[in-house]
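Since the structure comes first, as structure tokens, the remarks are kept for the end.
The values are calculated or read from the model by the stated rules, or taken from the named source; none is laboratory data. Keep in mind it's a predicted model, so treat the numbers as computed, not measured. Cβ atoms come from the backbone with ideal geometry, glycine included; neighbour counts cover every protein chain shown. Ligands, DNA and RNA are excluded from the accessible area calculation, which covers all protein heavy atoms including side chains. Shrake-Rupley method; radii C 1.70, N 1.55, O 1.52, S 1.80 Å.
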Amino acid sequence: MSFRLATPLLLRSGRTGDITDSAIERTPEPEGDLHVNGYVWASLLRRCLDRIKGGKTLAAQIGKYQDKQGVSPLWCEATVAKLHATAVNPGIAIDRKWGATKSGALFNDELAIAGLPLTLRLTLFTPDSATADRWQTALFSALQVVHSGIENIGGGWTYGYGRLQVDSVKHAALNLADAGQRALLWDWDKISWKTTQP
């Protein structure tokens, strides 16, 4: 899936580069690339599926590793993207108890600039083609939730950060009972993809 940042994305916060709880970070220097872990993507899709009609049962299956439902059928890879530039927004932390500035209250928010392309690679395991079709239909609807800006990634949602534009979706079905198709699993460049526009 190809996305583009529709708004800036909050990377980290704090004078010393403290990492936010959003699990969106920069890789160590000298590269300093944007790193979005697979949990962020799975969480986004789970929240979106939970919003669509008939999506709640599918959303409940994502990330269920040790309960009765077994292993999650949806696996999302981490995304690494080159950051050509970032912006820094200064801020002042407010003490919630007193409504006044905290001691040492100055901080900076580092933002990835809007327009940055991001790629999500995911694998969905289903027992049959009917279940696969159900998931595919639901995931396409979930992407409409993403595209509309209802669900975002990263922190600072109340400031409008982390909205994504869906550019295109490439998908393929593999029959893992077939050894030849099973060999293509996670070999992204050798798969014959179908492209769908949002």
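How big is the charge dipole of the stretch 125-197 about its Cα centre, in debye rounded to the nearest 20, if each Lys and Arg gets +1 on its Cβ and each Asp and Glu gets -1 on its Cβ?
On the way: 6 positive and 7 negative charges, 18 e Å.
Its charge dipole is roughly 80 debye.
Seen from a random direction on average, the alpha-carbon convex hull of the stretch 86-198 projects onto 10.7 square nanometres. As a rough guide to protection, the peptides 172-181, 28-37 ranked by mean Cβ packing within 10 Å, highest first, stand as 28-37, 172-181. Rolling a 1.4 Å probe over the protein chains gives residue 122 an accessible area of about 40 Å². For the set 82/194; 53/97; 53/190; 56/97; 53/82, the pairs lying more than 32 angstrom apart at their alpha carbons are 53/97; 53/190; 56/97; 53/82. Simple spin-label estimate for residue 144 and residue 39 gives 3.1 nm between the two label positions (7 Å along the Cα-to-Cβ direction from each Cα). With the simple model of a label 7 Å out from the Cα in the direction of the Cβ, residue 179 to residue 89 spans 5.6 nm.
Report the trypsin sites (Lys or Arg not before Pro) located in the stretch 99-198 that are in a DSSP loop and have at most 16 other Cβ atoms inside 10 Å of their Cβ, or state none. For trypsin sites (Lys or Arg not before Pro) across the stretch 99-198 that sit outside H, G, I, E and B with at most 16 neighbouring Cβ atoms in 10 Å, the list reads 121. Protein-only accessible surface at a 1.4 angstrom probe places the residues 11, 124 in the order 124, 11, largest first.
Please work out the FRET efficiency for the pair residue 196 and residue 128, using the Cβ-Cβ distance as r and a Förster radius of 22 Å; give the result to the nearest 0.05. Write down the numbers at each step before the final one.
On the way: r = 21 Å, r/R0 = 0.98.
With R0 = 22 Å, the Cβ-Cβ based efficiency is 0.55.
Once the Cα-Cα distance is subtracted from the 0.36 nm per residue extended length, the residue 4 to residue 77 segment shows a gain of 24.6 nm. Amide H contacts of residue 162: 7, 9, 10, each under 5 Å away and 5 or more positions distant or on a separate chain (H built 1.01 Å from N in the peptide plane; Pro and chain starts excluded).
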